[in-house]
Structures are given as C-alpha cells and as structure tokens.
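**Student:** One structure coming up, written as structure tokens, with questions to follow.
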Amino acid sequence: MAIPLLPEGRASLRAWSYNLGPAWYYDPAYRRIAGSLDITRGALLDVGCGPGWVCIHAAAGNPELDCVGIDQSATMISIAERNRAHRLNITFKQMRAEEIIYPDDTFDRVVAVQTMHHWQDPDAILQELKRVTRPGGVISLWDADPALDVPRDWIRRRGLWPPDAWVKRSWRKWSLGDEGFREMTRRVEGLGLSQVTTDTLGFYRRVVATK
C-alpha cells in the first residue's frame, strides 16, 4: 500500500524531480535559453529559477555578469545553491515574484522560464519585472509549447527515459495553453514596453519585450 506524502513531502519530491529532469534531459534546452539572452556582462534576473540551471549556464565563462535567481520555494533555492557549487557570480534568494526586493532599474535582462502557469497575479508580477528592468533592458518569458511532442521524441531518441503517456500530459500541464499564452502576450503588450514579439525556440515559445 502506498504511503501518502504530506504536502511538504510532495513539494520536496516535485523539487527533486524537477532538478533531475533538466539535469538529465533538458540541459541542452536550458543552455540554449541562456545563450539566447545575449548578455555577457551586467545583471540578469531569473524569476522562478527552480534548480538554477538558466543562471548557471548564463554565468558560465562570463565573470562580468551577475546572475540572480529567485524562487518562492525554499527547497528549490536549496537545490539551486547546491548546483551553483563554487560559482561566485550567481546569487539565489527565496523571494516572491510579486515582491522583488531589488531597486528599480537593476537588471539588464529579466527571464522567466516555464513558470507563468504558477502565477496567481500575473499583472502584479509583470509590473515588478518591468520595474526592476533597466531602460533598454529585455524581458523574456518562456512557456512550454503544448503543440510540440519534441520533449517526448527527444527523450526517446536519446534513450534516456521511457516515453510514457504521462510525459506528454505533464508537458501540457506545465504550459499556459494557447489561449493562456495569447492572454499573457496581451498583458505584456499592455505594459507599455517596446518591441513586443513572440516566437518559438526549440520546444519552447516566448514573448520578448524591451523596456
């Protein structure tokens, strides 16, 4: 008989599996996302950083780039700190995206990868992202594209994980869905930012805006 987990146990298990997934299966995607940010110096903020892989890849080889990752989960921040190891230009902090404890105009790049489906108050979060972005800085929001089977097919080709049906279900669960992504894009457009664009990179889609 299965032993039910307490809520904190379930949260820790989700954090552990989320760390393991990118480490084994999605590492190329996180490297590509970090590279697409086109920043080698200045300051980068990763909102909902999870186990920290975007910051870790962005900071690698860029000693003049200060990377900050925030997540409201203490477990995730603990995992991110372990993954950070000896890297000195990365900071991870437990923090809510609705209340980012940084001054206005702090970051050159602000990124959020596959976290928007968790946002309870997207307008408040978007206002915070805009506030902490420097003039001329870029905000990029990444979402899983549920129309693509790339994660499942990629896993099968790599031979790393049985492509069970729950892989596809989970991928869709982690996505805003088509209407949700369109609505998030409309919200970003309503911030008064310039050059709001959407596109697809790998098996993610993104909305990018310049302050």
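The values are calculated or read from the model by the stated rules, or taken from the named source; none is laboratory data. Note that the structure is a prediction, hence the values are computed from the model and not measured. Methodologically, a virtual Cβ is constructed for each residue, glycine included, from the backbone with ideal geometry; neighbour enumeration extends over all protein chains shown.
**Student:** Can you tell me which residue within the stretch 115-150, out of those that are among the β-branched types (Val, Ile, Thr) and either assigned to a helix (DSSP H, G or I) or at pLDDT below 95 (or both), is surrounded by the fewest Cβ atoms within 10 Å (Cβ to Cβ)?
**Tutor:** Quick first cut of the stretch 115-150, residues among the β-branched types (Val, Ile, Thr) only: 115, 125, 132-133, 138-139, 150.
Of the ones still in play, those that are also either assigned to a helix (DSSP H, G or I) or at pLDDT below 95 (or both) are 115, 125, 132, 150.
On the way: THR115: 20, ILE125: 24, VAL132: 22, VAL150: 15.
So, considering only residues that are among the β-branched types (Val, Ile, Thr) and either assigned to a helix (DSSP H, G or I) or at pLDDT below 95 (or both), the one surrounded by the fewest Cβ atoms within 10 Å (Cβ to Cβ) is VAL150.
**Student:** Also: Among the residues in the stretch 35-48, are any assigned to a helix (DSSP H, G or I), at pLDDT 90 or above and not basic (Lys, Arg)? First the steps, then the outcome.
**Tutor:** As a first pass, look at the stretch 35-48 and keep what is assigned to a helix (DSSP H, G or I): 35-36.
Pick out the ones that are also at pLDDT 90 or above and you get 35-36.
The next check asks that each one be not basic (Lys, Arg); those that pass are 35-36.
Scanning the stretch 35-48 turns up at least one residue that is assigned to a helix (DSSP H, G or I), at pLDDT 90 or above and not basic (Lys, Arg).
**Student:** I would also like to ask the following. If you check ILE77 against the conditions, is it of a type outside the set (Ser, Thr, Tyr) and under 16 Å from the mean Cα position of the chain (by Cα)?
**Tutor:** Spelling it out, ILE77 is indeed of a type outside the set (Ser, Thr, Tyr) and under 16 Å from the mean Cα position of the chain (by Cα).
**Student:** If I ask for residues that are closer than 15 Å to SER140 by Cβ and either more than 12 Å from the chain's Cα centre (by Cα) or at pLDDT below 75 (or both), which ones from the stretch 1-34 would you list?
**Tutor:** Selection gives ARG32 alone.
**Student:** Quick one: is SER194 modelled with pLDDT of 70 or more, over 20 Å from ILE100 (Cα atoms), over 18 Å from the mean Cα position of the chain (by Cα) and of a type in the set (S, T, N, Q)?
**Tutor:** Values: modelled with pLDDT of 70 or more: yes; over 20 Å from ILE100 (Cα atoms): yes; over 18 Å from the mean Cα position of the chain (by Cα): yes; of a type in the set (S, T, N, Q): yes.
Judged against the criteria, SER194 is a match.
**Student:** Take the stretch 41-55 and flag every residue that is over 9 Å from the mean Cα position of the chain (by Cα) and either closer than 18 Å to GLY137 by Cβ or basic (Lys, Arg) (or both).
**Tutor:** The answer is ARG41, GLY42, ALA43, LEU44, LEU45, CYS55.
**Student:** Right, next: Yes or no: ASP108 out of contact with any helix residue (DSSP H, G or I) (no Cβ under 7 Å at 6 or more places or on another chain), of a type in the set (Asp, Glu) and at pLDDT 95 or above?
**Tutor:** Spelling it out, ASP108 is indeed out of contact with any helix residue (DSSP H, G or I) (no Cβ under 7 Å at 6 or more places or on another chain), of a type in the set (Asp, Glu) and at pLDDT 95 or above.
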